[in-house]
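Contents: one structure, followed by commentary.
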């Protein structure tokens, strides 16, 4: 599918505005849980609902952890995020940032399942939330800082508290390492 025209720039701007609201420098690490508190969106870990939903906690927390990452639940107009806290911390950060991105983009609520009981989702909205989550966690300024410092993906993931996969994705889509290399060669 592809993102709508201008969305990537819009996402970068949203990420900058959020950092400004939180008092963060453009390349600082963003804690998605802090952002959720700022947005007044409660976050609940799957392990916290084990008493009321033991089958879900067992299935998604032990049997098949890849089957569930996070979901936004609505109570009227109030959002709440339920996430898989059995995932490693870097993955949890991406999961929560993704769900927060749906909120920041004012994506409308929709049923999780269609009439046939199958997962129902809008690919365009999911792609937007994925992109914005990345821009929130590792904005262009952070990617450039990582490249200028010569950090490995592993070190950057540790510093930004995200997965190496997220670092690699953002370093590639921002072309940060290539841009820094060009900067150095043009001097």
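Relative protection proxy for 93-99, 12-18, from highest mean packing down: 93-99, 12-18 (other beta-carbon atoms within 10 angstrom). In terms of other Cβ atoms within 10 Å, 87, 38 run from fewest to most in the order 38, 87.
Peptides 134-143, 24-33 ranked from most to least packed give 134-143, 24-33, packing being the mean of other C-beta atoms within 10 angstrom over each peptide's residues. A helix-only calculation puts the chain at -16000 deg cm²/dmol for mean residue ellipticity at 222 nm, using -39500 (n - 2.57) for each DSSP H run of at least four residues, averaged over all residues. Shape call for segment 122-187 from the C-alpha gyration tensor, a ≥ b ≥ c root eigenvalues: rounded (a/c under 1.5), prolate (a/b greater than b/c) or oblate? Cα axes put segment 122-187 in the oblate bin. If you take the square roots of the eigenvalues of the alpha-carbon gyration tensor of the chain and sort them as a ≥ b ≥ c, do you get rounded (a/c under 1.5), prolate (a/b over b/c) or oblate? It is prolate, given that a/c is not under 1.5 and a/b is the larger ratio. Net length available on complete extension from residue 44 to residue 74 is 9.5 nm, with 0.36 nm assigned per residue and the Cα-Cα distance removed.
Coordinate-derived values only; no laboratory data. These numbers were taken from a predicted model, which means no experiment stands behind them. Cβ coordinates were reconstructed from backbone atoms using ideal geometry, including for glycine residues, and neighbour counts include every protein chain displayed.
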